[in-house]
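To keep things clear, I will list the structure first and then write my remarks on it.
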Amino acid sequence: MRLKVSFQAMESTVPLNYNYFLSSFIYKRLASQNENFARFLHEKGYGKRFKFFTFSQLFFENSRVSGERIFIFPGKGWWYISSPVVEFVRYMFSSLSEDPVIRVGKTEFIVKSIDIENSLPDQSEYHFIMLSPLVVSVPEENNGKLYHRYLHPGEEEFYEVFRKNLMKKYRAFYGKDPEGTVEVIPDWDYIKSRHRITKRIKLKNAFVRAVVFPFKIRGEKKLVEIGYEAGFGEKNSMGFGMVALKKDI
């Protein structure tokens with residue numbers, strides 16, 4: 001399930017790297033409805049790893065980026081939140097209905113409407129665009145230290161790591177192995193038309209390298225669905241890996 005939150009923006013600014021603020025905001029809103037659920041999700045999660053929620057970037061009708069800030073002008077805005085966990089969606093819907101404000105640091109946006117969006121339709125192939133950047137990485141050791149090597153769709157390893165991540169989420173959520181797998185097909189025309197598709201994003205005191213590109217995916221629908229609702233790739237609960245069907249935007 002996913003929510004589309006429409007809000008009114010006044011003249012204001014937010015940090016360019018605001019993911020941490022939105023993730024913290026979500027946990028606070030969950031705690032306002034069910035403190036035990038929020039604590040479980042934050043401290044443990046499902047399968048001792050997955051939080052099973054993601055959210056999009058903030059979309060503004062009128063804004064510009066300057067340096068490390070986004071300058072916002074009066075107009076409409078949109079934000080998407082998604083999870084396969086019904087309780088999560090219900091708590092977020094209730095909290096935003098009771099207190100219709102999105103807070104990003106000291107900046108507030110007034111919520112005008114909250115819509116529950118349809119689940120993924122039955123199709124043989126899905127064409128997705130990204131509502132937030134995608135992170136796919138592998139751990140590597142260098143001089144005795146472990147670090148993440150971030151992958152690009154131009155690397156063959158990208159697809160295997162993408163699929164394995166999706167299958168781990170499926171097992172953690174359903175408690176069993178998926179019946180099939182998926183094939184990911186990047187929009188190479190889009191990728192080749194861009195100078196770059198990578199984004200370097202700061203999360204607290206660290207940086208991650210993510211990619212943004214449309215792609216097609218075909219295969220086991222329930223696998224696609226868990227990625228659609230919980231996010232593809234890594235760091236979903238920090239606002240990465242959210243997609244939308246191309247026709248929906």
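The values are calculated or read from the model by the stated rules, or taken from the named source; none is laboratory data. Note that this is a predicted model, so its numbers are computed, not measured. Note: ideal-geometry Cβ built from the backbone for every residue, glycine included; neighbour counts use all protein chains shown. The accessibility values were calculated without ligands, DNA or RNA, using every heavy atom of the protein model including side chains. Shrake-Rupley method; radii C 1.70, N 1.55, O 1.52, S 1.80 Å.
Stick to the Cα atoms of the stretch 179-229, pair each with every other, and give me the Kirkwood hydrodynamic radius in Å at one decimal.
For the stretch 179-229, inverting the mean 1/r across all distinct Cα pairs yields 13.1 Å.
Nearest 0.05, what FRET efficiency do His127 and Asp177 give at R0 = 35 Å with Cβ-Cβ as r?
Rounded to the nearest 0.05, the efficiency is 0.85.
Each residue of the stretch 182-196 in order: what ³J(HN,Hα) in whole Hz does its phi give by Karplus 6.51 cos²θ - 1.76 cosθ + 1.60, θ = phi - 60°, with x for Gly and Pro?
These are the phi-based 3J(HN,Hα) values: 9, 10, 10, 10, x, 7, 5, 4, 5, 4, 5, 7, 9, 4, 7 Hz.
Using 16 Å as the cut-off for backbone N distance, which residues of the stretch 45-89 belong to the label zone defined by a point 7 Å from the Cα of Lys112 along Cα→Cβ?
The answer is 59-63, 73-80, whose backbone nitrogens lie closer than 16 Å to the label point.
May I have the count of lysine pairs in the stretch 1-145 with C-alpha atoms under 21 Å apart, counting pairs 8 or more residues apart or located on different chains?
Pairs that pass both the separation and distance tests number 11.
Taking the chain as a Gaussian network, where each spring joins two C-alpha atoms under 10 Å apart, which residue of Lys221, Lys235, Lys204 fluctuates the most?
Lys204
Which GluC sites (Glu not before Pro) does the stretch 62-111 hold that lie in a coil by DSSP with at most 10 other beta carbons within 10 Å?
Glu68
Per the 1.4 Å probe, what fraction of the accessible area of the chain, in percent, lies on carbon and sulfur atoms?
Reported share for carbon and sulfur atoms: 48 percent.
For Phe40 and Lys216, what is the calculated FRET efficiency with R₀ set at 41 Å and r taken between the beta-carbons, to the nearest 0.05?
Between Phe40 and Lys216 the formula returns 0.70.
For the pair Glu155 and Lys202, what calculated FRET efficiency results from E = 1/(1 + (r/R0)^6), where r is the Cβ-Cβ distance and R0 = 22 Å, to the nearest 0.05?
So the FRET efficiency works out to roughly 0.40.
Provide the gained length on full extension for the span Lys76 to Glu140, in nm with one decimal, where the gain is 0.36 nm per separating residue minus the Cα-Cα distance.
Fully extending the segment from Lys76 to Glu140 adds 18.7 nm.
Once you've got the GNM for the chain with C-alpha springs shorter than 10 Å, pick whichever of Asn142, Asn36, Asn236 has the biggest mean-square fluctuation.
Asn142
Two-decimal Rg/Rh of the chain from alpha-carbon positions, Kirkwood Rh? Numbers along the way, then the final one.
Values: Rg = 17.8 Å, Rh = 18.8 Å.
Taking Rg over the Kirkwood Rh, I get 0.95.
Report the residue, chosen from Asp122, Asp177, Asp187, that carries the largest GNM mean-square fluctuation when the chain is represented by alpha-carbon nodes joined by springs under 10 Å.
Asp122
Send over the Kirkwood Rh of the stretch 151-246, from the inverse of the averaged 1/r over different Cα pairs, rounded to one decimal Å.
After inverting the pairwise mean of 1/r, the radius is 14.3 Å.
Which aspartates and glutamates, if any, have their Cα less than 20 Å from the Cα of Lys169, not counting same-chain residues under 8 positions apart?
Glu43, Glu87, Glu157, Glu160, Asp177, Glu179, Glu183, Glu220, Glu225, Glu229, Glu234
How far is it, in nm, from the label point at Lys48 to the one at Val101 when both lie 7 Å from their Cα along the line to the Cβ?
Here the modelled spin labels are 4.0 nm apart.
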